[in-house]
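Peer 1: Take this structure first; my questions come after.
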Amino acid sequence: MTTSNQVSFHAMPDSAHLTHTWCGYALLALTGLSPGLTSGQVERVTLNGIDHKWRPIGGRTLMLIPAFKQEAQIVVLHLIPSAAPEAPKPFKTILARAASPDYSVGLTPPNNRYERAPQ
């Protein structure tokens with residue numbers, strides 16, 4: 001389940017994103033959760049609606065402290081809201097001017113069918 005400001009998933013025992021460690025923390029791989037998601041975009045992490053401690057490890061991994069049992073709990077990554085899209089700028093007024101004269105010199109057609117060029 002993904003919205004614009006959060007990414008959520010169920011932390012099942014066979015989850016490919018979560019890895020339980022014996023040192024008391026869990027690793028959450030962000031690869032595959034949402035395209036282009038990095039740890040710098042995560043503002044907070046909740047587990048069943050309760051804030052959970054976390055630290056970024058590299059650009060695509062989070063360390064969740066302490067580790068938790070992976071039994072159908074819902075993990076939600078709340079993302080930093082992106083800046084509001086910039087309003088389109090109004091059209092610029094461009095004053096019309098007379099066209100500049102064309103000073104290019106090209107070939108001129110002959111004015112007489114027996115001559116190659118005009119004299």
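Peer 1: Go through the range 50-66 residue by residue and tally those that are part of a loop (DSSP other than H, G, I, E, B) and either surrounded by 15 or more Cβ atoms within 10 Å (Cβ to Cβ) or modelled with pLDDT of 90 or more (or both).
Peer 2: Going through the range 50-66 one residue at a time, the tally reaches 1.
Peer 1: What tally of residues in the range 67-78 results from selecting those that are closer than 12 Å to Leu18 by Cβ and either aromatic (Phe, Trp, Tyr) or in a loop (DSSP other than H, G, I, E, B) (or both)?
Peer 2: Residues meeting the conditions: 5.
Peer 1: Could you look through the range 5-17, keep only residues that are aliphatic (A, V, I, L, M) and in a strand (DSSP E or B), and pick out the one that is modelled with the lowest pLDDT?
Peer 2: Taking the candidates together, the pick is Ala11.
Peer 1: Without any contact (Cβ under 8 Å) to a residue 60 or more places away in the chain and within 22 Å of the chain's Cα centre (by Cα): does that describe His17?
Peer 2: So His17 fits the description; yes.
Peer 1: Something else now. Can you name every residue in the range 18-49 that is in a loop (DSSP other than H, G, I, E, B), within 24 Å of Pro81 (Cα to Cα) and open to solvent by less than 40 Å² (accessible area, probe 1.4 Å)?
Peer 2: Leu30, Leu33, Ser34, Leu37
The values are calculated or read from the model by the stated rules, or taken from the named source; none is laboratory data. Since the model is a prediction, treat every value here as computed from it, not as a measurement. FYI the Cβ positions are ideal-geometry reconstructions off the backbone, even for glycines, and counts take in every protein chain you see. Ligands, DNA and RNA are excluded from the accessible area calculation, which covers all protein heavy atoms including side chains. Shrake-Rupley method; radii C 1.70, N 1.55, O 1.52, S 1.80 Å.
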